[in-house]
Amino acid sequence: MNDFLSGTVFALCCIAGLFFLRFWRKTRDRFFAFFAASFFLMALHRVVVLALRDSNEHLVAAYLIRLLAFVLILVAIVDKNRVPKK
């Protein structure tokens, strides 16, 4: 059951990444590019966790991928809300 749910989350992350990629292609707004990259990284995290589920010592590296995804979301929010210099 856990593998099924992990696969479902992987698929949904890929779909969300594709939606944000489509929005980025229409608007060329970096906000959407950051979010697309973030969701693709979360999907990659699911694949790596499933591949390394028997190896606990390498699991920390898999969660660094997830950390990078959340950092990209924070960068997108800060980048979108910064005040342009005059």
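The values are calculated or read from the model by the stated rules, or taken from the named source; none is laboratory data. Predicted model only: the values in this text are computed from it and were never measured. Don't worry about glycine lacking a Cβ; one is built from the backbone with ideal geometry, like all the others, and counts go over all protein chains shown.
Identify, from the list 46, 53, the residue that is at pLDDT below 95, more than 17 Å from residue 76 (Cα to Cα), in a loop (DSSP other than H, G, I, E, B) and basic (Lys, Arg). I'd like the intermediate steps shown before the answer.
Details: 46 fails: in a loop (DSSP other than H, G, I, E, B).
Only one candidate qualifies: 53.
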Original post:
Within the set of pairs 6 or more residues apart or between chains, which connect a residue that is within 15 Å of residue 17 (Cβ to Cβ) inside segment 55-74 to a residue that is part of a helix (DSSP H, G or I) and among the polar types (S, T, N, Q) with Cβ atoms less than 8 Å apart?
Top reply: 69/38; 70/38; 72/38; 73/38
**OP:** Return yes or no: is residue 11 modelled with pLDDT of 90 or more, out of contact with any strand residue (DSSP E or B) (no Cβ under 8 Å at 6 or more places or on another chain) and small (Gly, Ala, Ser)?
**Re:** yes
Original post:
Looking at (1) over 27 Å from residue 1 (Cα atoms); (2) modelled with pLDDT of 95 or more, which is the only condition residue 81 fails?
Top reply: (2)
**OP:** State all residues of segment 62-74 that are touching a helix residue (DSSP H, G or I) at 6+ places or on another chain (Cβ under 8 Å) and exposed (fewer than 14 other Cβ atoms within 10 Å of the Cβ); if no residue qualifies, say none.
**Re:** 63, 70
